Amino acid sequence: MFFKWFRRRETRDDFTNTEKNTDTNVTHDIQKKQFNRMIKMANALIENSKCHEETVGYRHPILNYIKLLGLKLQTSYITNLVYDDDHGDEKKFPNITPWLLFFDLSVKISSDGGTMYDLIYKNKLNKEIEIELAKDLILPWPWNDQRYIRSISSIGVSRPWGEWKEHTSNHNTYVLLPIGVCIVVGGNHSITSGILQGEGTLKTDNVYDMSDLYNYVYTDGIHYKSIKDESLISEVSNVEFAAIFEIGRIMMNLGISR
């Protein structure tokens, strides 16, 4: 009797596992198609931009496309407090860092044991970049509802704190090149307010070059993999940023950068 029950249970478990595998395959197929389409559109956009005559102030359209791809994540973060108190579920909305966007900074990816942290943060550039809150892809992490409310209600023309302006003692950001993604480390609530108003600029000398990473890693939209031996580094958690990662490779090869 026990063996009959066990065989029935085994059959049910096998069926459940098959269902899960099927669902995973369907999800991966959809994600792969989305990723391929994102890359295809990026290539078409770059091709259409080859005739541009670059003058002072020129901004390559691929940066607008990168912003477009990143808006989904940005919107999720800057609207989170509308739905949950004090940042809600931190597992769902962890602090934004390069390992959230791509993969774990501590994973060894080079033959000498180098990690993404080594390849990015040892490549700090000796330059300063001006970030435009209305144009750049900026990823803040507003986490407190009272600060959120005060910043949105108080910053602006004819409001108590006046129009948006940079505060070097509070605002802290860093930029990843060539893709130009700006990650906010300090001043999350006031920077969110500036993004919503579409105004303001701030400067940062925390500028890092991702180019070395492309010698070791690529993504197919489903996984990040080692270029050397095709071993898996990580699953893709965000298909838009997987596309942004590979668009960065295209930009690097063409000499395009933020």
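The values are calculated or read from the model by the stated rules, or taken from the named source; none is laboratory data. What you see is a predicted model, and the numbers here were worked out from it, not measured in a lab. Cβ placement follows ideal geometry from the backbone for every residue including glycine, while neighbour counts extend to all protein chains displayed.
Just a few scattered comments:
- For the range 140-157, filtering for residues that are aromatic (Phe, Trp, Tyr), touching a Phe, Trp or Tyr at 6+ places or on another chain (Cβ under 8 Å) and assigned to a helix (DSSP H, G or I) leaves 0.
- Inter-residue pairs, beta-carbon under 7 Å, first closer than 14 Å to Asn238 by Cβ and in the range 23-48, second in a helix (DSSP H, G or I), 6+ apart: Gln31/Val239; Gln34/Val239; Phe35/Val239; Phe35/Ala242; Phe35/Ala243; Met38/Leu69; Met38/Ala243
- Residue match in the range 91-98 (condition: exposed (fewer than 12 other Cβ atoms within 10 Å of the Cβ) and over 19 Å from the mean Cα position of the chain (by Cα)): no
- Residue ranges of helices (runs of 4 or more DSSP H) in the range 1-91 with at least 1 members at pLDDT 95 or above and of a type in the set (Ser, Thr, Tyr): 61-78
- Residue tally, condition within 19 Å of the chain's Cα centre (by Cα) and farther than 18 Å from Gly255 by Cβ, over the range 41-63: 1
- Subset of the range 165-175 (residues that are assigned to a loop (DSSP other than H, G, I, E, B) and either in contact with a Leu (Cβ under 6 Å, 6 or more places away or on another chain) or under 15 Å from Leu125 (Cβ atoms) (or both)): Glu166, His171
- Residue list for the range 109-139, filter: touching a residue at least 24 places away in the same chain (Cβ under 8 Å), among the acidic types (Asp, Glu) and not in a loop (DSSP other than H, G, I, E, B): Glu130, Glu132
Yes/no matrix, rows are residues, columns are (1) under 19 Å from Gly70 (Cα atoms); (2) in contact (Cβ under 8 Å) with a residue 60 or more places away in the chain; (3) surrounded by fewer than 24 Cβ atoms within 10 Å (Cβ to Cβ); (4) under 19 Å from the mean Cα position of the chain (by Cα):
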| position | (1), (2), (3), (4) |
| --- | --- |
| Thr192 | yes, yes, no, yes |
| Gly200 | no, yes, yes, no |
| Lys203 | no, yes, yes, no |
| Ser211 | no, yes, yes, yes |
| Tyr214 | no, no, yes, yes |
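- The residue of the range 221-258 that is nearest to the chain's Cα centre (by Cα), among those that are charged (D, E, K, R) and surrounded by fewer than 16 Cβ atoms within 10 Å (Cβ to Cβ), is Glu235.
- Filtered by the rule that a residue be free of Cβ contacts under 8 Å to residues at least 40 places away in the same chain and not charged (D, E, K, R), the range 220-236 gives His223, Ile227, Ser231, Leu232.
- Applying the set (1) surrounded by 14 or more Cβ atoms within 10 Å (Cβ to Cβ); (2) more than 16 Å from Val185 (Cα to Cα); (3) of a type in the set (A, V, I, L, M, F, W, C) to Ala134 leaves exactly one unmet item: (1).
- Being out of contact with any His (no Cβ under 6 Å at 6 or more places or on another chain), closer than 22 Å to Phe102 by Cα, touching a residue at least 12 places away in the same chain (Cβ under 8 Å) and not aromatic (Phe, Trp, Tyr) is a property that Asn188 has.
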